[in-house]
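Student: I have a structure here, written as structure tokens, and I will follow up with some questions on it.
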Amino acid sequence: MGLTDTYVPSEQTKFKQEDRATFDFLKNVKTISSAVVGQAARERYQAAVREAIAAGRQPPATPREVGDLIEPLFEWQADRFISRQAQEMLWPRLFEALLPDEAEYLQRLEAPVPNPVGSLRLAPDIRYPAYYEIDYHIQPGGMHGKPMIPWVMEVGRAVYHSGANDRWEQQTKVARAIPEGRYGRILDLGCGMGSSAIVLKERFPDAEVYGVDLSAPFLKYAHRFAERFGIALHLSQQNAESTDFPDGYFDVVSSCILFHEIPDEAAENVVREAYRLLAPGGILNIGDIGPYRKLDPYRAFFSDWQTENNGEPYWRSHGTRDLEAMFRAAGFRDVTQAPVEPGAILFATQGRK
Ligand SMILES: C[S@@+](CC[C@H](N)C(=O)[O-])C[C@H]1O[C@@H](n2cnc3c(N)ncnc32)[C@H](O)[C@@H]1O
């Protein structure tokens with residue numbers, strides 16, 4: 001089975017066989033490299049830690065100390081080189097593969113959806129914050145600079161995650177972290193191509209689900225995609241730091257993997273804005289990579305690699321920021337922070353207004 005056969009939640013992007021073969025190859029090379037070469041690096045690292053303990057020395061306690069042990073290892077260098085190279089090859093190759101049918105894809109994004117159950121509100125004059133104008137994940141044009149980006153991401157994200165998020169596993173776990181309840185309105189901040197908002201609607205079918213994102217191409221895709229399945233989402237192009245919804249409009253505000261994409265000041269603004277938007281008793285649920293201090297030092301080091309090697313300049317800020325303190329400073333109570341399931345690197349931070 002190839003990538004585009006197994007990738008279920010898609011708009012069924014068309015590719016020539018040779019392009020499909022390239023994307024399957026990139027996905028497989030990343031998966032195998034991580035399972036074999038990366039695993040060998042981990043085992044050598046673990047052996048070195050055991051040796052250090054047996055010799056009465058302290059094992060690495062910080063990501064930097066892990067790096068000192070692991071960075072010289074050939075297996076580490078090889079696995080990371082493969083990961084970076086696959087990423088560099090992926091995006092330009094995807095844009096190129098879609099080029100012959102570009103006009104058709106763009107027309108599909110622009111075409112109005114007949115009798116929508118949800119809504120889409122774009123803001124052509126929006127001012128993008130400076131931090132947003134970067135090539136996230138080494139994607140040329142980042143999240144919004146190229147109108148073809150949703151079609152590129154549709155397949156690219158499956159390669160990017162080596163198939164591990166093909167069924168929106170991350171988004172589902174973040175939505176499941178929200179306590180059971182009857183909620184009237186739920187807002188998804190940084191809803192992207194719609195997956196995190198769709199799983200919220202699936203988990204809480206009686207709630208009205210709203211999503212905001214800065215990227216017009218992503219929102220157009222999300223709208224079209226949700227409508228295709230009759231899922232009502234109310235999407236608007238807005239900065240999550242400052243939205244136009246009234247005070248107390250939502251019972252739950254959630255976000256899935258937005259926070260590692262924004263710097264500290266923006267993160268503080270988003271938490272404050274969420275507080276404003278929530279009704280008394282409302283819940284803020286932020287799903288993202290766990291803070292380094294709550295991960296074992298190896299995982300923290302591995303996670304931190306993204307910062308300098310994968311177009312994720314705010315990753316380290318997120319890994320080292322005290323999100324719980326940010327919640328409390330904004331006024332939230334009952335603040336908790338825990339992995340979405342035992343051992344997960346994905347954490348949910350929650351607080352109540
Ligand atoms: C990694 S994606 C996650 C998308 C979606 N939540 C999901 O789980 O698939 C992060 C999203 O946040 C959006 N974003 C980044 N900064 C933002 C901001 N200040 N306001 C609104 N959206 C933002 C990006 O455009 C992108 O769609």
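Student: For segment 178-267, which chymotrypsin sites (Phe, Trp or Tyr not before Pro) are both in a DSSP coil and crowded by at most 13 other Cβ atoms within 10 Å?
Tutor: Loop-located and lightly packed - Phe229.
Student: Please compare each pair in Lys16/Lys146; Lys14/Lys220; Lys30/Lys201; Lys30/Lys173; Lys201/Lys353; Lys173/Lys353 to a cut-off of 29 Å on the Cα-Cα distance and tell me which ones are over it.
Tutor: With Cα atoms farther than 29 Å apart: Lys30/Lys201.
Student: When the chain is treated as a GNM, springs tying every alpha-carbon pair under 10 Å, which of Gly118, Gly192, Gly287 comes out with the largest mean-square fluctuation?
Tutor: Gly118
Student: Give, as ranges by residue number, the residues of segment 217-253 whose backbone N falls under 12 Å from the point 7 Å along Cα→Cβ of Val113.
Tutor: 219-236
Student: Among Glu202, Glu102, Glu265, which one shows the biggest mean-square fluctuation in a GNM of the chain, springs joining Cα atoms closer than 10 Å?
Tutor: Largest GNM mean-square fluctuation: Glu265.
Student: Got a sec? How would Arg127, Arg93 order by Cβ neighbour count within 10 Å, fewest to most?
Tutor: Arg127, Arg93
Student: Here is a further query. Give, in nm to one decimal, the length gained when the segment between Arg293 and Ala164 is fully stretched (0.36 nm per residue of separation minus the Cα-Cα distance).
Tutor: So the extension gain works out to 44.0 nm.
Student: First check a/c for segment 153-269, with a ≥ b ≥ c the square roots of the eigenvalues of its C-alpha gyration tensor; if it is under 1.5, answer rounded, and if not, answer prolate when a/b is larger than b/c or oblate otherwise.
Tutor: Because its axes are fairly even, with a/c under 1.5, segment 153-269 counts as rounded.
Student: Going by a ≥ b ≥ c, the root eigenvalues of the Cα gyration tensor, does segment 120-352 fall in the rounded group (a/c under 1.5), the prolate group (a/b larger than b/c) or the oblate group?
Tutor: Since a/c stays below 1.5, the shape of segment 120-352 is classed as rounded.
Student: Can you give the local net charge around Val152? Use residues other than it whose beta-carbon is closer than 11 angstrom to its beta-carbon, Lys and Arg +1, Asp and Glu -1.
Tutor: Charge balance near Val152 sits at 0.
Student: Measuring from centroid to centroid over Cα atoms, what is the spacing of segment 85-142 and segment 259-297 in Å?
Tutor: Each part reduced to its Cα centre gives a spacing of 25 Å.
Student: Using the Cβ atoms and a cut-off under 14 Å, what net charge is assigned to the surroundings of Gly230, where Lys and Arg are +1 and Asp and Glu are -1?
Tutor: Here the charged neighbours net out to +1.
Student: Moving on. Using the basic label-point model (7 angstrom from Cα toward the beta carbon), what is the Thr320 to Val36 distance in nanometres?
Tutor: 3.7
Student: Quick check on the chain: of the DSSP beta bridges with both residues there, what percent are antiparallel, nearest 5%?
Tutor: 35
Student: Using the Cα gyration tensor of segment 3-115, with a ≥ b ≥ c the square roots of its eigenvalues, what is the shape: rounded (a/c below 1.5), prolate (a/b larger than b/c) or oblate (neither)?
Tutor: It comes out prolate by the Cα gyration axes.
Student: Debye calculation, C-alpha points only, no solvent: report log10 I(q)/I(0) for segment 165-219 at q = 0.14, 0.23 Å⁻¹, in the same order as the q values.
Tutor: Treating every Cα as an identical point scatterer, log10 I(q)/I(0) equals -0.34, -0.88.
Student: Quick check on the chain: helices-only [θ] at 222 nm, where DSSP H runs of length 4 and up contribute -39,500 (n - 2.57) each and the sum goes over total residues. Nearest 500, please.
Tutor: Theoretical 222 nm ellipticity from helices: -14000 deg cm²/dmol.
Readers should treat all values here as calculations from the given coordinates under stated rules, not as data from a laboratory. The structure displayed is predicted, hence computed values, not measured ones. Backbone-built Cβ (ideal geometry, glycine too); neighbour counts: all protein chains shown.
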